[in-house]
Structure formats: structure tokens, C-alpha cells
């Protein structure tokens with residue numbers, strides 16, 4: 001009995017203390033706002049100050065990079081320096097905010113699980129785009145300045161962020177994907193003036209074509225139809241001479257580059273110099289000159305080759321075959337007038 005009374009007397013103050021305890025928080029018109037405490041307010045202010053400090057530090061570092069890099073601004077060194085700064089500052093920001101709000105490791109693990117599940121469901125494409133960013137960097141898919149085709153956009157990479165890639169669009173030959181959208185008015189590999197933004201998740205959906213990664217050349221062709229009665233050997237010589245003057249040859253790139261192409265890509269010397277292929281058709285003989293050219297400036301090369309080829313063909317009196325038809329005589333036309341009915 002004494003033990004029971006002692007327990008009741010000990011429990012009484014505890015019950016009284018519970019009834020007098022108030023729920024911490026901000027009270028507005030008798031309503032308690034959960035989480036609106038002085039501690040959380042201090043954490044919020046500290047978080048804002050931390051974010052502003054990170055932004056200022058990032059701006060200062062980028063300005064110092066511009067001063068130190070100088071004329072190399074926009075090069076691959078500048079590109080990788082910007083990516084390194086962005087990644088380091090992003091990691092510092094994430095860990096700093098987590099340290100401010102979650103000082104208890106158990107609470108941090110629970111919060112990360114809940115937030116991660118929500119983000120994974122609501123921001124699937126965003127997460128995929130960020131993952132694509134790391135795939136691009138880790139896999140060396142492309143660098144700034146590379147000429148690529150990504151997400152159906154052809155052009156040079158001018159910027160890469162966590163979620164997007166900006167491409168300076170270029171035109172394409174008429175025979176490449178005719179009728180595709182958006183409309184293309186530049187029928188050559190030159191810039192259109194449009195800057196196209198493509199999300200990085202496209203690296204998981206479709207292939208990325210890189211014109212310049214480790215192999216800064218492309219093969220191209222020019223077709224020339226000639227009549228069967230013309231000097232075919234001289235026409236082939238004209239094509240080879242024009243390609244040798246303006247395209248890439250073994251003599252122009254040097255022995256070291258030829259050795260690198262052979263060891264790295266298995267390209268033999270005979271594949272570098274221009275070559276002409278013949279194809280017999282019903283109407284003419286089609287000569288195709290295949291040549292190696294730099295990844296940029298291909299239109300200028302083909303323009304110069306076309307001018308030289310036409311001048312040499314005119315001098316050799318070799319005509320270009322075509323499917324043009326000429327009407328030399330009209331059939332007799334008879335007009336009859338019918339009598340008018342009353």
C-alpha cells in the first residue's frame with residue numbers, strides 16, 4: 001500500500017508537468033505553426049547566407065579564370081575549368097546545407113530516403129539529364145567545340161551544363177533527311193545562326209555522332225556524270241588533281257599524323273589520298289571522287305574543287321551529262337470551230 005501511494009505521488013508531478021508543457025513553435029492567433037521555431041529560423045538564415053556566399057565565391061573564381069586564361073577563353077581548357085568549378089561548388093553547397101539542417105545522422109538518413117523517393121518519382125527526366133551529364137564527362141562523349149549530332153541537332157557544342165547542352169546549329173546537305181523538322185534553309189555544313197538547347201538525357205535515347213573526337217577529319221565525295229563519248233581518263237585526272245590541291249593528302253598531314261591514324265584507327269596510307277570510283281548507268285558514266293577533309297571548312301573545299309573542275313573540263317572540252325530533254329519540233333495543231341446553236 002505504501003509502495004502504491006509512493007508511485008501515485010511520484011506520477012502526480014509528472015502529469016502536472018505534462019499539462020503545463022507547451023508545444024514549441026510560432027503561435028499566430030492561437031494556432032501553432034509546426035516547425036516555425038527560433039532554431040529553424042536561424043538555420044534558414046544561415047542557409048541563405050551560405051548560398052549567397054557560394055554564389056559569390058563561384059563568381060570570383062570564374063572571373064579569376066577569365067583573367068588567367070586570357071585568349072584561351074572558350075577553349076577546351078576553359079570548358080573543363082568551368083565544369084570543375086561547377087562540380088566542386090555544387091558538392092560544397094549540398095553538403096553544407098545538409099550539415100546545417102541535419103545535425104543528427106539518423107534524421108539525415110531518414111530525410112535523404114524520403115527526399116530521394118520523392119525526387120526519383122517527380123523529377124525522372126531531370127535526374128536522367130543530370131546522369132547524362134556525368135556520362136558525357138566520364139565517357140568523353142564530346143567536348144566544347146566538337147561538332148556533333150545530338151537529339152537530331154547538328155552543330156558545334158558551345159556550352160554544357162548539368163542538364164542541357166547548347167549547340168550552334170549548322171545546315172546539312174539537301175540529301176540528308178529531307179523534309180525533317182525544324183525547317184532547314186542552309187543546305188551545307190555552315191552555321192544557321194540558331195543556338196539549340198538539347199537536354200543531356202538524349203545520350204540514353206539515341207546515338208551521339210561526333211565529327212571531331214580524336215579524329216578531326218571526315219570523308220566526303222563529289223559525283224560527276226560525263227558522257228560516254230568523252231575522254232574518261234582525262235575526267236578522272238581532273239577530279240584527282242582538284243582533290244589533291246584542296247583536300248587532305250598524306251603529304252599535307254605529315255608522317256606522324258599518318259602513323260597515328262594507322263595505329264589508332266587502322267587507316268592505311270592508301271585510304272588518305274583521293275581516289276576516283278566509276279559507276280556505269282543507263283545514261284552516263286558517273287565518276288565519284290572520294291577524299292579526306294578537315295572537320296570544319298568542307299564547303300570552302302568543295303567550292304574551290306568545283307571551280308577548278310569546271311575550268312579543267314571546259315579546257316578539255318568534256319561536257320557534263322544530264323537528263324535534260326530538248327523539243328526540236330512541235331506537231332501540227334489543227335483548230336476546228338463548231339457552229340453555234342440557235
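The values are calculated or read from the model by the stated rules, or taken from the named source; none is laboratory data. None of these values were measured; they are calculated from a predicted model. Backbone-built Cβ (ideal geometry, glycine too); neighbour counts: all protein chains shown.
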Exercise. crowded, with 18+ Cβ neighbours inside 10 Å and under 9 Å from the mean Cα position of the chain (by Cα), is that true of residue 226?
Worked result: no
For this session: Kindly indicate whether residue 309 is under 30 Å from the mean Cα position of the chain (by Cα) and in a helix (DSSP H, G or I).
Result: no
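Here's the yes/no breakdown for (1) surrounded by 13 or more Cβ atoms within 10 Å (Cβ to Cβ); (2) within 26 Å of the chain's Cα centre (by Cα); (3) modelled with pLDDT of 75 or more:
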| position | (1), (2), (3) |
| --- | --- |
| 21 | no, no, no |
| 51 | yes, no, yes |
| 69 | yes, yes, no |
| 87 | yes, yes, yes |
| 92 | yes, no, yes |
For this session: Show the residue pairs that are 6+ apart or on different chains and have beta-carbon atoms under 6 Å apart, the first residue being within region 290-307 and buried (at least 17 other Cβ atoms within 10 Å of the Cβ), the second being in a helix (DSSP H, G or I).
Result: 291/243; 293/301; 301/246; 305/242; 305/246
Problem set entry | One residue from 238, 203 being out of contact with any strand residue (DSSP E or B) (no Cβ under 8 Å at 6 or more places or on another chain) and buried (at least 18 other Cβ atoms within 10 Å of the Cβ) | 238
For this session: Evaluate the following for residue 120: is it assigned to a helix (DSSP H, G or I), surrounded by fewer than 14 Cβ atoms within 10 Å (Cβ to Cβ) and modelled with pLDDT of 65 or more?
Result: yes
Exercise. Does any residue of region 244-259 turn out to be closer than 22 Å to residue 213 by Cβ, modelled with pLDDT under 80 and in contact with a strand residue (DSSP E or B) (Cβ under 9 Å, 6 or more places away or on another chain)?
Worked result: no
